[in-house]
Amino acid sequence: MKLGTVGTSRITNSFINAAGQSEKLELSAVYSRSIENASQIANTYNAPHTFDDLEQMAKSEHIDIVYIASPNSLHYQQAKLFLKHNKHVICEKPIFSNTAEWDDTYQLAKENRVFLFEAMRNIHSPNSKILKQQITKAGKLRSAILHYIQYSSRYNLYLKGEEPNIFSSVFSGGALVDLGVYPISLAVTLFGEPDNISYHPIMLRSGVDGGGTLILEYNGFVCTVLCSKISHSHIPSEIHGEEGSFILDHVAPINKLQFVDSHTKESENLEIPQYENDIIYEIEEFTRIIETNNFKEYEELMKISRIVLKITETARKQNNIVFEVEK
């Protein structure tokens, strides 16, 4: 399939490289508000077409599927534009600002008989799937601590008085929607939708969260999700059951996965080697679903996507974190 990209950030370059590695997508077109920036990426990857007009790109016959990696608040309108022109859409996480946008766009994709995916790379990797397959080894689950705590270089700009996109309510930013979605998506994939949630953020002057603690309550156990872009962690994540515990070196991606038996204290390494650029796994999964019209798997992925978005939206509402697009 012919690929178009929207956005010129580091993640866009990683996606293009993964697309080439997968041999499933061929970069055909690049969009940027600056045609010079679009040309720079296009020249790097030998893409024949560049655009600085999204409407023209959406109408173009040179793309079958588009990858959107623009600022969060722009995802909704941009995704709708391409879906209206019968293009498949892969939208970088967080897919949208709220569930109203999700519902509207999902329905539009359905009406136009195209697919809409959220690029939540971590849940598609082999070690995440191994964890899901092996989760019953832990017995009755009692607790989990999943986190993504990574100091952002953009926080330095914020401290100097600037307001980078990811720390701005104008662009639907904040730690929960930027990093928290990784442990949340893993929790939802493993445990399903929680019964209750509560979020305790560290608020910034821009009106979004720099970090926080999210409590996901399930029947019989609690999953604690920690996220931050203003500090850094060096500890693993864990899932605790009555029969044993899983130790994860990271949630995105899981490179090391260990199970420790509660009774014998013996440990077992469960991980397998993965591609360093783990985006390749979501590309392989998305393209396979499109090629085979596998609506069952598609609906399962979309269900996870909506639950994750519902959780972050509820958590924000609890703390009066309101994005500009919601005012």
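The values are calculated or read from the model by the stated rules, or taken from the named source; none is laboratory data. None of these values were measured; they are calculated from a predicted model. Backbone-built Cβ (ideal geometry, glycine too); neighbour counts: all protein chains shown. Surface areas here come from the heavy atoms of the whole protein model, side chains and all, with no ligands, DNA or RNA. Shrake-Rupley method; radii C 1.70, N 1.55, O 1.52, S 1.80 Å.
Compared with the dominant Cα axis of the chain, that is its longest principal axis, helix 181-191 is turned about 60°. The H on the amide N of Val30, modeled in the peptide plane, is under 5 Å from the matching H of Thr5, His49, Thr50, Phe51, each at least 5 residues off or on a different chain. Mean sequence separation of contacting Cα pairs (under 8 Å, at least six apart), scaled by the length of the range 219-327, corresponds to a relative contact order of 11 percent. Pairs of Cα atoms nearer than 8 Å and 6+ residues apart set the relative contact order; for the chain it is 18 percent.
Could you look at the chain and say what percent of its accessible area is carbon and sulfur, using a 1.4 Å probe and all protein chains? Percent of accessible area from carbon and sulfur atoms in the chain: 46. Axis angle, to the nearest 10 degrees, between helix 295-318 and the longest C-alpha principal axis of the chain: 80 degrees. Evaluating 6.51 cos²θ - 1.76 cosθ + 1.60 at θ = phi - 60° for every residue in the range 139-144, the Karplus couplings come out as x, 5, 6, 10, 6, 8 Hz, glycine and proline recorded as x. With the charge dipole of the chain set up from +1 on Lys and Arg Cβ and -1 on Asp and Glu Cβ about the Cα centre, the Cα lying farthest toward the positive end among the listed residues Pro94, Tyr45, Ser60 is that of Pro94. Using the rule -39500 (n - 2.57) for each DSSP H run of four or more residues, divided by the residues of the chain, the 222 nm mean residue ellipticity is -11000 deg cm²/dmol. Of all DSSP-defined beta bridges confined to the range 80-238, some 60% are antiparallel rather than parallel. Using a simple spin-label model with pseudo-atoms 7 Å out from Cα toward Cβ, Ser34 and Ser262 lie 5.6 nm apart. Among the trypsin sites (Lys or Arg not before Pro) in the range 200-279, those placed in a DSSP loop whose Cβ has at most 15 other Cβ atoms within 10 Å are Arg205, Lys256, Lys265. Shape analysis of the range 221-321 places it in the oblate category; the axes a ≥ b ≥ c from the Cα gyration tensor give an a/c of at least 1.5, with a/b not above b/c. For the range 60-122 versus the range 11-47, the inter-centroid distance based on Cα atoms is 18 Å.
Stokes-Einstein, applied to the Kirkwood radius of the chain over Cα pairs at a viscosity of 0.890 mPa s and 25 °C, places its translational diffusion at 120 µm² s⁻¹.
Taking amide H atoms as placed 1.01 Å from N in the peptide plane, the amide H of Arg142 lies under 5 Å from those of His240, Gly241, Glu242, each 5 or more residues away in sequence or on another chain.
The charge dipole of the range 54-199, taken about the Cα centre with unit charges on the Cβ atoms of Lys, Arg (+1) and Asp, Glu (-1), comes to about 620 debye, rounded to the nearest 20. Its relative contact order, with pairs defined as Cα atoms under 8 Å and 6+ residues apart, puts the range 71-230 at 23 percent.
Between 0 and 90 degrees, the angle of helix 279-292 with respect to the longest Cα principal axis of the chain falls at about 70 degrees. Here Lys317 is the anchor, and the lysines within straight C-alpha reach of less than 17 Å, apart from those fewer than 8 places off in the same chain, are Lys327. Pairwise inverse Cα distances across the range 45-179, averaged and inverted, put the Kirkwood hydrodynamic radius at 17.6 Å.
In this label model, Gln21 and Gln133 are separated by 2.1 nm, measuring between points 7 Å along each Cα→Cβ vector. Heavy-atom accessible surface of the chain, averaged per residue, reaches 45 Å², computed with a 1.4 Å probe.
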